[in-house]
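Novice: Okay, here's the structure, questions in a sec.
The values are calculated or read from the model by the stated rules, or taken from the named source; none is laboratory data. On a predicted model such as this, the values are computed, not experimentally measured, just so you know. We place every Cβ from the backbone using ideal geometry, glycine too, and count neighbours over all the protein chains shown.
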Amino acid sequence: MEKITYNFKNRTAVVTGGAQGFGLDIAKRFLKSEAKVIIWDLDPKAIENAINEIDNPNLSSKIVDVSNFKDVESASKEIIKTSNIDILINNAGITGPTAPLWEYDIEMWKKVVDINLMGTFNCCRSVVPNMIKNNYGRIVNVASVAGKDGNANASAYSVGKAGAIGLTKSLGKELADKNIAVNAVTPAGAKTRILDQMTKEHVQRMLSKVPRGRFLEVEEFTSLVCWLASEENTFSTAAVFDISGGRSTY
């Protein structure tokens with residue numbers, strides 16, 4: 001099926017966790033639609049591979065720890081010196097280990113929430129003022145069905161993603177009187193490297209909950225994100241868009 005192309009000409013997009021998986025595919029689609037794309041990622045090898053694979057002058061990258069506000073703020077200011085940030089895709093995230101809450105390693109629990117929730121907060125906090133100044137912006141926060149339904153033995157991940165949903169609803173309402181849209185997407189399990197962080201049993205349990213009977217394809221996810229990040233999305237904000245193959249019922 002032919003992919004829809006959106007007009008992102010003269011738009012600058014920041015994609016966190018953009019060197020692999022969802023983020024990399026989103027970056028590729030944005031570039032094909034003539035956007036300027038900056039990947040923020042913590043994995044230098046993945047960044048190198050992505051830059052070499054894409055080989056596009058409109059693509060640049062920076063090693064950024066989204067859980068560190070000073071790091072994020074510095075990266076944002078660097079972009080704003082020469083450009084605006086029109087689109088922010090908060091995609092960076094980790095699942096963390098699978099374990100019952102009462103046995104969950106405390107430091108790992110904090111790390112998962114710091115990246116999945118505080119990372120989203122840090123990026124929004126540093127980028128939104130530039131969007132307000134220009135009265136234009138599109139923010140897409142990558143949450144998860146785990147943030148709506150809760151996954152057993154994944155309390156940190158579920159909490160982080162639930163928090164990102166709450167943040168989306170709050171920030172979207174705060175910016176509703178401007179041409180800035182803030183939305184969240186809640187995918188079910190997808191064929192990305194993040195599955196490698198989980199046990200086979202946990203992955204199978206996730207799959208068993210999906211009425212479609214398969215994992216989400218990365219390209220299907222990217223299509224939804226592209227629309228939400230485009231100028232065509234003129235009304236939807238503070239909303240949660242489900243892409244779970246029928247798993248979620250709200």
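Novice: Looking at the structure I just gave you, is ASP41 over 24 Å from ALA181 (Cβ atoms) and touching a residue at least 12 places away in the same chain (Cβ under 8 Å)?
Specialist: The answer is yes for ASP41.
Novice: Now a separate question. Here are ASN122, ASN179: which of them is surrounded by fewer than 21 Cβ atoms within 10 Å (Cβ to Cβ) and of a type in the set (S, T, N, Q)?
Specialist: ASN179
Novice: Could you list, in sequence order, the residues of the stretch 135-148 that are touching a helix residue (DSSP H, G or I) at 6+ places or on another chain (Cβ under 8 Å) and either assigned to a helix (DSSP H, G or I) or within 17 Å of ALA229 (Cβ to Cβ) (or both)?
Specialist: The answer is GLY137, ARG138, ILE139, VAL140, ASN141, VAL142, ALA143, ALA146, GLY147, LYS148.
Novice: Continuing with the same structure: For the stretch 215-246, which residues satisfy the criterion of being under 20 Å from the mean Cα position of the chain (by Cα), modelled with pLDDT of 85 or more and of a type in the set (Phe, Trp, Tyr)?
Specialist: Matches in the stretch 215-246: PHE221, TRP227, PHE241.
Novice: Scan the stretch 197-214 for residues that are modelled with pLDDT of 70 or more, in a helix (DSSP H, G or I) and of a type outside the set (Val, Ile, Thr) and report the count.
Specialist: Within the stretch 197-214, residues that are modelled with pLDDT of 70 or more, in a helix (DSSP H, G or I) and of a type outside the set (Val, Ile, Thr) number 8.
Novice: Of all the residues that make up the stretch 36-70, how many are of a type outside the set (Lys, Arg) and part of a helix (DSSP H, G or I)?
Specialist: Total satisfying the criteria: 11.
Novice: Give the residue, chosen from ILE132, ILE63, ILE87, that is out of contact with any helix residue (DSSP H, G or I) (no Cβ under 8 Å at 6 or more places or on another chain) and at pLDDT 95 or above.
Specialist: ILE132
Novice: Okay, moving on. Is one or more of the residues making up the stretch 154-169 of a type outside the set (Lys, Arg), in a loop (DSSP other than H, G, I, E, B) and either closer than 24 Å to ARG125 by Cα or out of contact with any Pro (no Cβ under 8 Å at 6 or more places or on another chain) (or both)?
Specialist: Yes, the conditions are met somewhere in the stretch 154-169.
Novice: Which of the residues spanning the stretch 44-68 are charged (D, E, K, R) and surrounded by 14 or more Cβ atoms within 10 Å (Cβ to Cβ)?
Specialist: LYS62, ASP65
Novice: Could you list, in sequence order, the residues of the stretch 71-110 that are small (Gly, Ala, Ser), part of a loop (DSSP other than H, G, I, E, B) and surrounded by fewer than 18 Cβ atoms within 10 Å (Cβ to Cβ)?
Specialist: SER83, ALA99
Novice: Okay, next question. Would you mind stating whether VAL145 is crowded, with 20+ Cβ neighbours inside 10 Å and either in contact with a Gly (Cβ under 9 Å, 6 or more places away or on another chain) or in contact (Cβ under 8 Å) with a residue 24 or more places away in the chain (or both)?
Specialist: It is true that VAL145 is crowded, with 20+ Cβ neighbours inside 10 Å and either in contact with a Gly (Cβ under 9 Å, 6 or more places away or on another chain) or in contact (Cβ under 8 Å) with a residue 24 or more places away in the chain (or both).
Novice: Only residues in the stretch 224-240 that are in contact (Cβ under 8 Å) with a residue 60 or more places away in the chain and over 15 Å from GLY137 (Cβ atoms) count as the first member; pair them with residues that are among the hydroxyl-bearing types (Ser, Thr, Tyr) and part of a loop (DSSP other than H, G, I, E, B), Cβ under 8 angstrom, at least 6 apart or cross-chain, and list the lot.
Specialist: Pairs found: CYS226/TYR6; CYS226/SER33; TRP227/TYR6.
Novice: Can SER170 be described as modelled with pLDDT of 95 or more, within 26 Å of GLY213 (Cβ to Cβ) and not acidic (Asp, Glu)?
Specialist: So SER170 fails the test.
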